[in-house]
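Throughout, read-outs are computed from the coordinates displayed, never taken from laboratory work. All figures in this text were calculated on a predicted structure; none of them were measured in a lab. Virtual Cβ from ideal backbone geometry, glycine too; neighbours counted across all protein chains shown.
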Ligand code: FPP
């Protein structure tokens, strides 16, 4: 039997939601859900490599998440340090380039060092880019892009030139400037909003929402999202 012809997205991004609820359903602490969530990231990373997806990005921690209880934040940061250390050999083995995007100023030195080491070590890998959005928000990204644009044009502005910023200028200054915009955005756990994620970059992204909680989102669920994507007709505003 011939396999259904599928249209594989180049960049899939995920708002991983529902770890806390998953843990609560089992009478456990929220961190238990985050730990299981890391397993889903691993499963989805392997699946993305198998499928030939070139970019998989995940929203791991938003700027707003800094308002969570200190113990949960601390636990999540420890979990990330551990996950990066544990997964680095696999990244090397299956050709994954690991990257982290966000406002690093609020991260611990230990986590920053861990991130830097893993990014450097894996930077030549070409099968898949796994991008973790950490301490990130869409409004932060757009604002810092505008500030960078004006900083790099300061002299012209000071000289009285009427400097206008184009959409291309803004895109070129975003933290994602060398990453194609997402083709598919998946959000788990039944929530249907963008939550200050990649606001600019998702202008033409297809959204896929599922009730499944993130710790239960593994290869089979990922395949369902890909199936839904390949049935969509993308027109980018044209007819
Ligand atoms: C959302 O569930 C999940 C998070 C805010 C954290 C997700 C982070 C990870 C799974 C760690 C990833 C680490 C690496 C290195 C990839 P929630 O806590 O908002 O759940 P709830 O909505 O049920 O409360």
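Given a Förster radius of 30 Å and the C-beta distance between residue 63 and residue 165 as r, what FRET efficiency does 1/(1 + (r/R0)^6) yield to the nearest 0.05?
0.85
By DSSP, what percent of the beta bridges with both residues in the chain are antiparallel, rounded to the nearest 5?
On the way: 0 of 26 bridges.
Antiparallel bridges: around 0 percent, rounded to the nearest 5.
Taking one equal scatterer on every alpha-carbon of segment 1-120, how large is log10 of I(q)/I(0) by Debye at q = 0.09, 0.16, 0.18, 0.21 1/Å?
With no solvent term, the Cα-only Debye profile gives -0.29, -0.87, -1.07, -1.36.
Over the chain, what is the relative contact order in whole percent, taking alpha-carbon pairs under 8 Å and six or more residues apart?
Working: 355 pairs, mean separation 67.6, N = 239.
The normalised contact order for the chain reaches 28 percent.
Just to confirm my numbers, what's the Cα centroid distance between segment 129-190 and segment 17-89 in Å?
That distance is 25 Å.
If you take every DSSP beta bridge whose two residues both sit in segment 91-221, what share of them, in percent to the nearest 5, is antiparallel?
0
Would you look at the GNM of the chain, springs on alpha carbons closer than 10 Å, and say which of 73, 15, 157 moves the most?
Per the Cα network of the chain with a 10 Å cutoff, 157 tops the list.
Among 35, 54, 24, determine the one that fluctuates most according to a GNM of the chain built with springs between C-alpha atoms less than 10 Å apart.
24
Report Rg(Cα)/(2.2 N^0.38 Å) for segment 114-237, keeping two decimals.
Numbers: Rg = 18.2 Å, N = 124, 2.2 N^0.38 = 13.7 Å.
Dividing the Cα radius of gyration by 2.2 N^0.38 Å gives 1.32.
What number results when the radius of gyration of the chain, computed over Cα atoms, is divided by 2.2 N^0.38 Å?
Values: Rg = 18.8 Å, N = 239, 2.2 N^0.38 = 17.6 Å.
For the chain, the normalised Cα radius of gyration comes out at 1.07.
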